[in-house]
Amino acid sequence: MIHFKNINKTYSPNIVGVRNVNLHIRPGEFVSIVGQSGTGKSTLAKLMFAEERPTSGQIAVGGWDITRIREHDVPLLRRQIGVVFQDFKLLVRRTVYENVAFALEVAGTPARRIREVVPQVLKIVNLQEKGDRYPKQLSGGEQQRVVVARSLVHRPKILVADEPTGNLDTIHTREIIDLLRKINEFGTTVVLVTHNREVVNALKKRVITLEGGEITSDVEEGRYKL
Amino acid sequence: MITALRAVKFAFQNFGRNFWLSLITVSMLVLTLLTVNVLMVLQQVASKAIAFAEERIEVSVYFYPATAEERITGAAGYLRGLPQVRDVEVITSDEALRRFSDRHAADEAILQSLDEVGGNPFGPTLVVKAYGADDFPFILDALDNPQFRNDIREKDFSSFEDIIDRIRSTTDRIQLFGMVLSAIFLLIATLIVFNTVRIAIFIHREEIGIMKLVGATNAFVRAPFLIECLIYSLFSVAFTAVIVYSSVAVMDPKFSAFFGGESVGLLEYFIRNWYWIFGMQFVILTIINMLATMVAMRKYLRV
Ligand SMILES: Nc1ncnc2c1ncn2[C@@H]1O[C@H](COP(=O)(O)OP(=O)(O)O)[C@@H](O)[C@H]1O
Ligand SMILES: [Mg+2]
């Protein structure tokens, strides 16, 4: 599903994002990417949905070589990858429903289809009752579930979540992780970036560890080392 | 189609959410358009004033009292035959005397001196009106024709030419000033539109970020800004049209009164040409605003 071949990403002037990354994520996998702060986890995630371009190497997503993807085609890719991101928040002046609908509106989805899809994804994240609330009327965990719901509107084959539990307490963290697990069980490939030890250990899924931009370990049913 | 409608919806939302910013932008654009329109009104009134004055320029050609009547009518006929001449009035000696006495009826001294001269000191006179002020040199030249020269005592050019020159130079100066002012306002308006778009991009950066991450096309991200700038132009021109139209409606009769009840045709001019006048302003304003918007997007909208 996702292929990285000899990927290097150097930010100007001379900052290493990731180095020498070779990676293959198969369809339906649940992969955790762990590592200390500044080791290139976010860079790796951004390369997957063309928010960043590699300095060298080759990337393919769903068989599509996106190494030098044209600006024009980026929106197409984005509609196939759901993204839950640290600094990718809700619009405070729109309700939960509107926030989710927004992702469909801007992609030109017909209104009828929007009225169908939004309740469906809100149901998946168990917020169907709170559609007309505003983000600040929700708990942190609920807000993050809205973000997850929004990432699902295009029924993506891949979901990339960068520290989705960064600001959440244990209970809400578990809620989100359970949600990602559920989404994964429906067949979506999930890439989870986290530095939460308990989360990784409880998942018992594939773990990729980054250090200084390089993959230092990649194990099926791994545990959080370091 | 759906996308286009949504871009319009987003544009109106942006316009409404940054209401004060929009208001300032529209006000500045209205100000700019008003200077342009004042300039246009001025042009219209000035040309009317010049035409009004030109109608009143005349040359009085005084003949010697002894001149035979057929020579006078001959000269009048010759002048009427010239394409530059609008009208020739023949004033006989008696008529000239009567007019003079009438004009100075209150002035004993003058009337007395007239009596002392005895008889009629006035010769026949031709009052010649031309179509334009520029035609007079030709007419005066024509009168230098040896056929008439010896009969003519004096040619008197009424002083309206001075007035016309003054109207011309004043309006030319005002026009230059107005154009400079318009250009400055237009420049400021462009900068304001640029800044408004810049601020709008800044305000919406989160929204734009989300749009892009969920797969909105660049065109869709940009469209609302361009449509918003169209809305600015539309509102500005509409406001300006209302202000200009009502001002002209109020001013028109006043101008007419000034020109001795003769209509300046200002209101009529606007009624007849409004779609052209304001349509042109809308098109030009929109083009300029679009350019400002595109430059701002290029600079601040990372896509
Ligand atoms: N846009 C950027 N420009 C320059 N340097 C960057 C940029 N993004 C990340 N970096 C640098 O790249 C390295 C990896 O960053 P990142 O991928 O965000 O790590 P992580 O997500 O693991 O904390 C860090 O040294 C960071 O400072
Ligand atoms: Mg990070």
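The values are calculated or read from the model by the stated rules, or taken from the named source; none is laboratory data. These numbers come from a predicted model, not from an experiment. All Cβ positions, even for glycine, are placed from backbone atoms using ideal geometry, and neighbour counts span all protein chains on display. The protein model used for the area step is the full one, side chains on, heavy atoms only, and it has no ligands, DNA or RNA in it. Shrake-Rupley method; radii C 1.70, N 1.55, O 1.52, S 1.80 Å.
Below is a table of values for the structure above.
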read-out	value
Residue with peak Gaussian network fluctuation, chain A [Cα springs, cutoff 10 Å], from A:Arg78, A:Arg93, A:Arg150	A:Arg93
B:Phe12, A:Phe85, ranked by accessible area, largest first (probe 1.4 Å)	B:Phe12, A:Phe85
Within the protein assembly as shown, percent of DSSP bridges classed antiparallel, to nearest 5	65
Pairs of Cα atoms farther than 12 Å apart, the stretch B:262-303, %	69
Nearest-0.05 FRET efficiency for B:Leu42 and A:Lys136, computed from C-beta distance (R0 56 Å)	0.50
Chain A, accessible area per residue, ligands and nucleic acids excluded (1.4 Å, Å²)	47
Whole-number accessible area per residue in Å² for the stretch B:110-190, which is evaluated in the context of all protein chains at 1.4 Å	61
Label-point gap, in nm, between B:Ile284 and A:Asp218 - each point 7 angstrom along Cα→Cβ	6.5
Solvent exposure ordering (accessible area, 1.4 Å, most first) of A:Glu214, B:Glu116, B:Glu268, A:Glu142	B:Glu116, B:Glu268, A:Glu214, A:Glu142
Virtual spin-label span in nm between B:Ser101 and A:Asn126, 7 Å along Cα→Cβ	11.9
Cα principal axis extents for the stretch A:1-83, largest first, Å	31, 29, 21
Fraction of accessible area attributable to carbon and sulfur, chain A (%, probe 1.4 Å)	46
Lysines whose Cα lies under 21 Å from that of A:Lys157, excluding same-chain neighbours fewer than 8 positions away	A:Lys5, A:Lys41, A:Lys46, A:Lys123, A:Lys182, A:Lys205, B:Lys212
Protein-protein interface of the stretch A:52-100, residues with accessible area decrease of at least 40 Å², isolated chain reference, 1.4 Å probe	A:Glu71, A:Pro75, A:Arg78, A:Phe88, A:Leu91, A:Arg93, A:Arg94
Heavy atoms of B:Thr73 accessible to a 1.4 Å probe, total area in Å² rounded to 10	80
For chain A, alpha-carbon Rg relative to the globular expectation (2.2 N^0.38 Å, N residues)	1.00
Efficiency of FRET from Cβ geometry, A:Arg93 and B:Val295, R₀ 35 Å, rounded to 0.05	0.80
Cα-centre dipole for the stretch B:57-159 with unit charges at Cβ (Lys and Arg positive, Asp and Glu negative), debye to 20	280
Acute angle (nearest 10 degrees) that the helix A:111-124 long axis makes with the longest principal axis of chain A, alpha-carbon atoms	70
Area buried, chain A against chain B - accessible surface, total, 1.4 angstrom probe, square angstrom	2000
Per-residue [θ]222 nm for chain B (sum of -39500 (n - 2.57) over DSSP H runs n ≥ 4, rounded to 500)	-26000 deg cm²/dmol
Percent accessible area from carbon and sulfur atoms, chain B, protein chains only, probe 1.4 Å	64
Positive dipole terminus of chain A, leading residue within A:Tyr11, A:Val121, A:Val160 (C-beta point charges)	A:Val121
Acute angle (nearest 10 degrees) that the helix A:96-105 long axis makes with the longest principal axis of chain A, alpha-carbon atoms	70
Listed residues B:Phe52, B:Leu213, B:Leu79: farthest to the positive end of the dipole of chain B (Cβ charges)	B:Leu213
Whole-Å semi-axes of the protein assembly as shown's equivalent ellipsoid (Cα gyration tensor)	89, 22, 17
On Cα atoms only, tilt of B:2-17 relative to the major axis of chain B in degrees	80
